1. Quick one: accessible surface of Asp52, probe radius 1.4 Å, all protein chains present, in square angstrom to the nearest 10.
2. With a/c under 1.5 counting as rounded, go ahead and sort segment 82-131 into rounded, prolate or oblate using the C-alpha gyration tensor (a ≥ b ≥ c being the square roots of the eigenvalues; past the cut-off, prolate if a/b is larger than b/c, else oblate).
3. Spin-label point model (7 Å from Cα, Cβ direction): what's the Gln46 to Ala111 distance in nm?
4. How much accessible area per residue does segment 48-87 have, in Å², with a 1.4 Å probe?
5. Quick check: from the Cα gyration tensor, does segment 29-110 come out rounded (a/c under 1.5), prolate or oblate?
6. Please give the solvent-accessible surface of Leu180 in Å², to the nearest 10, using a probe radius of 1.4 Å with every protein chain present.
7. Calculate what fraction, in whole %, of the accessible area of segment 36-161 sits on carbon and sulfur atoms when a 1.4 Å probe is rolled over the protein chains.
8. Starting from the amide H of Gln114, placed 1.01 Å from N in the peptide plane, find each other amide H under 5 Å away whose residue is 5 or more places distant or on another chain.
Amino acid sequence: MPAGLLELFLTGLLHMTPDVQQPSEEDKKVADEFKAQGNDLMRKEQYKEALDCYSRAIEKDRANAVYYSNRAAAYSKMNEQEKAIDDCLMALRIDPNYSKAYGRKGLAHTALNQHRDAIHCYKKALELDPSNDSYKNNLELAEQQLRETGDPGAGPGGALGGGMNLGGMDIGSLLNNPTLMNMATSMMSNPQMQQM
Ligand SMILES: *[C@@H]1O[C@H](CO)[C@@H](O)[C@H](O)[C@H]1NC(C)=O
Ligand SMILES: *[C@@H]1O[C@H](CO)[C@@H](O)[C@H](O)[C@H]1NC(C)=O
């Protein structure tokens, strides 16, 4: 697929309003209880159980960035970094100013040796929360790793993903998302789309 078309598609996708139903007050309350339970389990290092709690919180309330960001932390602990990245992207779609979601996305990229993507995330996190030293330290570490080992984890989107960024999402992670890419490819091969 030509890069221009792809970019057009992704831009359109990002501007679509997420199909999020407003949860009832009761659902919000239940969701928050699941989150609290998840946080307890994270402290006890029961990551799988914590993850299930965050998923249930998300089922009840899909409009809360914290639930996705916390589930990302659980995925990272279980070394499922791609899923952690997807959840961070969801969190950032809901709240583009959520520094912690950038920080967590950075950690997932670091674990995947995607140092350029990690640097981008830590910079965004620092921009949003300049007082947090952990972002500063992680940024310095990632820059050092990039100098010493290059960017071995960079995927097919690496070259594109370097500087390109749409509304807080980096193209690199989008290109690495198989569901999204399948969707893009099938939409792009639809003759009606090609006349756009
Ligand atoms: C993000 O923060 C900026 C600067 O503080 C603010 O202008 C903007 O409205 C915020 N965006 C959201 C979606 O909260
Ligand atoms: C800095 O960010 C990390 C990661 O998001 C968080 O765990 C920590 O509480 C933050 N520290 C401060 C002082 O806000």
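The values are calculated or read from the model by the stated rules, or taken from the named source; none is laboratory data. None of these values were measured; they are calculated from a predicted model. In this analysis, Cβ positions are derived from the backbone assuming ideal geometry, glycine residues included, and neighbour counts consider all displayed protein chains. When the accessible area is computed, the model is the full protein with side chains, heavy atoms only, and any ligands, DNA or RNA have been set aside. Shrake-Rupley method; radii C 1.70, N 1.55, O 1.52, S 1.80 Å.
1. Solvent-accessible area, nearest 10 Å²: 70 Å².
2. Numbers: a/c = 2.42, a/b = 1.15, b/c = 2.11.
Note, shape of segment 82-131 comes out oblate.
3. 2.0
4. Values: 1750 Å² over 40 residues.
Averaged over the residues of segment 48-87, the accessible area is 44 Å².
5. Details: a/c = 1.95, a/b = 1.14, b/c = 1.71.
Oblate shape, in that a/c is at least 1.5 and b/c is the bigger or equal ratio.
6. That residue has around 30 Å² of solvent-accessible surface.
7. Values: 2830 of 6320 Å².
Using a 1.4 Å probe with all protein chains present, segment 36-161 comes out at 45 percent carbon and sulfur.
8. Excluding prolines and chain starts, which carry no amide H, the hits are Gly153.
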